[in-house]
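Student: Got a structure for you, written out below as structure tokens; questions coming shortly.
The values are calculated or read from the model by the stated rules, or taken from the named source; none is laboratory data. None of these values were measured; they are calculated from a predicted model. Here the Cβ positions follow ideal geometry from the backbone for every residue, glycine too, while neighbour counts run over all protein chains shown. These accessible areas exclude ligands, DNA and RNA; they are computed on the full protein's heavy atoms, side chains included. Shrake-Rupley method; radii C 1.70, N 1.55, O 1.52, S 1.80 Å.
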2 protein chains.
Amino acid sequence: MATVISSGKLRGIMKLADASGKFKMMAIDQRGSMVTKLAEVLDIEKSDVEYDDVATIKTLITRLLAPNSTAVLTDPIYGHPYSLTEIPRDVALLLAYEASGYVSEGVGENERLSNPIDNWTIAKAQRAGADAIKLLAYYHPDASVPALKHQQEFVRHVGDECEKQDIPFLLELVSYALEGTTKSVEFAKQKPDLVIRSVEEFIDPSYKVDILKLEFPADLKYTEEYKESSFYAGDSAYNLNEVKEICKKLDEASTLPWVILSAGVDIEEFIENVKLAAEAGASGFLCGRAIWKDAVDFFPDINAVTQFLENEATTNFHNANAAAEAALPWFDHRHFGGAASIQLEHQSENWIQDY
Amino acid sequence: MATVISSGKLRGIMKLADASGKFKMMAIDQRGSMVTKLAEVLDIEKSDVEYDDVATIKTLITRLLAPNSTAVLTDPIYGHPYSLTEIPRDVALLLAYEASGYVSEGVGENERLSNPIDNWTIAKAQRAGADAIKLLAYYHPDASVPALKHQQEFVRHVGDECEKQDIPFLLELVSYALEGTTKSVEFAKQKPDLVIRSVEEFIDPSYKVDILKLEFPADLKYTEEYKESSFYAGDSAYNLNEVKEICKKLDEASTLPWVILSAGVDIEEFIENVKLAAEAGASGFLCGRAIWKDAVDFFPDINAVTQFLENEATTNFHNANAAAEAALPWFDHRHFGGAASIQLEHQSENWIQDY
């Protein structure tokens, strides 16, 4: 049976992955977390972090790491204006749609609402060179109805606009704690359920998502077998077999190709995440901080930042890419059913009339 | 001095060329000439050539040759709907804007007016995956005022639309004979003047052209030094030094990066064209028939077509690519003044407001 896909979406997805269909994408669209980190490193207030410094570190990271990637995700505020020239011709460009962070206006104080960047549109992103659009939506399936509705409508809006522009829509889902903190064995226990139920919501065709960018659905910091690892947090929520079972369930839930995100974990943990996700059926990764975060510690010493990026960070990237070799090519995901099953939506002499 | 370029245009131009800035592009957007050729090969009327046959041969040529190229130019009628899936992720997509051929309505009977494809827009091309737009405009600088105006307005319209969509505009200029035939020593003598004066018209910034796709500005069939070549036509219009001087003048006239087209000449002649053009300052080629035309002779024997494409045509492409190694990187053209001089137009925190 043929899987029908529109031409713009197909070209975009092809560009995001390598020729064998595996996503090895880097994220450098951090805004809030980058400002926080720079404030810490420079020992100043967040409000005193200068625009140029954020743009400079992003440009540097993009220049030195983009050649390792199949696609670069950046943001339109600090990233795109200065980093675009640093992205090689054969590395795709993903642009972020959402404003950094979240608000809780009109909902519970722990609930998170995502919002667009002012004056930013999918059409503008496409004109500015985007091969695909990324939206980060915070999501907790047990949030209040107003919070759920807001997030669902936001995602649906972006899905509609991406369909209009015929550009791939990559949806990133990030869970959060309604009570307590995400850095706890309690949250680690909830996480599989939160991640899988969020996926179950957004695979609905009405959202028009093409690729899911997902958290690792468990927390290896709380996994028995990693007791000897530097990242082990001192308490276990599950064992490795249970984690593998969770990954398998996530893959069963995801009727769309999915990639794994790093959420700023250390590289050792992230490589384990990629391996386990790939084993379960993920199609690669979209990773930022796990690869390059320690480079920022050296700012504003540009030479030291460069050194780190050229050495440790590049090695991190190579290791992540090696782990992603075991990933499932996107076209072999059951949503597509193999490269031979993919058929363009508009195949006729007169397709341009209705397009 | 910095050269300012918008982000969509920059990304598009980068994708069209190889990493070193040289264009090694293939054209498979032929419609009228492909139908004529298939009618001849199949020994049928042009009106009896089937849509599927044109689409099939284009798909095959794209599949087997695109991997040699930095960009593929195809058409939206027969090409795009079936060939898009054949273009590798790191090979850019150029889409043709003009309807095939020309008309002479309301102008002299030898004059040529170009027109758009019905219902086809630059915005649609961009959504459908185009990295750049190509427009072929027939042009004779001594045509009647109505003919000149029509062509100039058509080019200006496409330039405006490409600017709106922030997508590169590649303008192809093709001269013609107002009297007699282009296959004559008389026309060969006129050609340098026609090509150079046409360039002088369309480098005007009001046309918003990014790259020129030009005929070789002389005819090596009528060049003394090629007397022993298979393509020599038996009469000379100039000698090789004069041809080199003509190429130099063309390069001086072209204040924009330019590439050479093949106009269906044989590969031996085309390789000479590329060498001489590159020596004068061309940035590469956009070549169709010189590379693959003989493959069509074997249609409908798909195996024989495939054989030819995998062997002779691939060798032709490699030879053209080798000749283009001597080309001037587009960013080193005086229009840009070197990669280090290129600056994005929109560099500020708030660029998206006005974009």
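Student: What's the total number of residues in the range B:12-38 that are facing chain A (nearest Cβ under 10 Å) and open to solvent by 20 Å² or more (accessible area, probe 1.4 Å)?
Tutor: In the first step, residues of the range B:12-38 are kept if they are facing chain A (nearest Cβ under 10 Å); the result is B:12-19, B:21.
Still in the list and also open to solvent by 20 Å² or more (accessible area, probe 1.4 Å): B:14, B:18-19.
Going through the range B:12-38 one residue at a time, the tally reaches 3.
Student: Taking the range B:184-208 as the region of interest, how many residues are in a loop (DSSP other than H, G, I, E, B) and under 20 Å from the mean Cα position of the chain (by Cα)? Step through it out loud before you land on a result.
Tutor: So in the range B:184-208, the residues in a loop (DSSP other than H, G, I, E, B) come out as B:184, B:203-204, B:208.
Now narrow it down to the ones that are under 20 Å from the mean Cα position of the chain (by Cα): B:203-204, B:208.
Selection size over the range B:184-208: 3.
Student: Tally the residues that are touching a helix residue (DSSP H, G or I) at 6+ places or on another chain (Cβ under 8 Å), part of a loop (DSSP other than H, G, I, E, B) and touching a residue at least 24 places away in the same chain (Cβ under 8 Å), restricting the search to the range B:7-57.
Tutor: Matching residues across the range B:7-57 total 4.
Student: So which residues in the range A:178-202 are touching a Gly at 6+ places or on another chain (Cβ under 7 Å) and touching a residue at least 12 places away in the same chain (Cβ under 8 Å), if there are any at all? First the steps, then the outcome.
Tutor: If we filter the range A:178-202 for residues that are touching a Gly at 6+ places or on another chain (Cβ under 7 Å), which is where we start, we get A:186-187.
Selection gives A:F187 alone.
Student: B:L73 - would you say it is more than 13 Å from every other protein chain (Cβ to nearest Cβ) and part of a helix (DSSP H, G or I)?
Tutor: Numbers: more than 13 Å from every other protein chain (Cβ to nearest Cβ): yes; part of a helix (DSSP H, G or I): no.
No; evaluated as a whole, the condition is false for this residue.
Student: Looking at this structure, is B:K9 within 22 Å of the chain's Cα centre (by Cα), surrounded by 15 or more Cβ atoms within 10 Å (Cβ to Cβ) and away from chain A (no Cβ under 12 Å)? Spell out the reasoning first.
Tutor: Numbers: within 22 Å of the chain's Cα centre (by Cα): yes; surrounded by 15 or more Cβ atoms within 10 Å (Cβ to Cβ): yes; away from chain A (no Cβ under 12 Å): no.
For B:K9, the condition - within 22 Å of the chain's Cα centre (by Cα), surrounded by 15 or more Cβ atoms within 10 Å (Cβ to Cβ) and away from chain A (no Cβ under 12 Å) - is not met.
Student: Restricting the search to the range B:209-225, which residues are open to solvent by 10 Å² or more (accessible area, probe 1.4 Å) and more than 14 Å from the chain's Cα centre (by Cα)?
Tutor: Once the filter is applied, which keeps residues that are open to solvent by 10 Å² or more (accessible area, probe 1.4 Å) and more than 14 Å from the chain's Cα centre (by Cα), the range B:209-225 yields B:D219, B:K221, B:Y222, B:E224, B:E225.
Student: What are the pairs, 6+ residues apart or on separate chains, where a residue within the range B:80-93 that is at the interface with chain A (Cβ under 7 Å from one of its Cβ atoms) has its Cβ under 6 Å from a residue that is open to solvent by 10 Å² or more (accessible area, probe 1.4 Å) and part of a helix (DSSP H, G or I)?
Tutor: Note: pairs meeting the criteria are B:Y82/B:T59; B:P88/B:P67; B:R89/A:M14; B:R89/A:K15.
Student: Of the numbered conditions (1) open to solvent by less than 60 Å² (accessible area, probe 1.4 Å); (2) modelled with pLDDT under 95, B:E228 satisfies every one except a single condition; which is it?
Tutor: (1)
Student: So, of the residues in the range B:338-355 that are open to solvent by less than 80 Å² (accessible area, probe 1.4 Å) and touching a strand residue (DSSP E or B) at 6+ places or on another chain (Cβ under 6 Å), which turns out to be nearest to the other protein chains (Cβ to nearest Cβ)?
Tutor: Keep residues of the range B:338-355 that are open to solvent by less than 80 Å² (accessible area, probe 1.4 Å), which gives B:338-339, B:341-344, B:346-348, B:351-352, B:355.
Cutting the leftovers down to touching a strand residue (DSSP E or B) at 6+ places or on another chain (Cβ under 6 Å) gives us B:341-343.
Working: B:S341: 11, B:I342: 7, B:Q343: 8 Å.
The selected residue is B:I342.
Student: Take B:W330 and tell me if it is in contact with a strand residue (DSSP E or B) (Cβ under 8 Å, 6 or more places away or on another chain) and within 16 Å of B:A27 (Cβ to Cβ).
Tutor: Working: in contact with a strand residue (DSSP E or B) (Cβ under 8 Å, 6 or more places away or on another chain): yes; within 16 Å of B:A27 (Cβ to Cβ): no.
It is false that B:W330 is in contact with a strand residue (DSSP E or B) (Cβ under 8 Å, 6 or more places away or on another chain) and within 16 Å of B:A27 (Cβ to Cβ).
Student: Tell me, yes or no, whether the range B:99-110 has at least one residue that is within 13 Å of another protein chain (Cβ to nearest Cβ), within 22 Å of A:A339 (Cβ to Cβ) and touching a strand residue (DSSP E or B) at 6+ places or on another chain (Cβ under 9 Å).
Tutor: Scanning the range B:99-110 turns up no residue that is within 13 Å of another protein chain (Cβ to nearest Cβ), within 22 Å of A:A339 (Cβ to Cβ) and touching a strand residue (DSSP E or B) at 6+ places or on another chain (Cβ under 9 Å).
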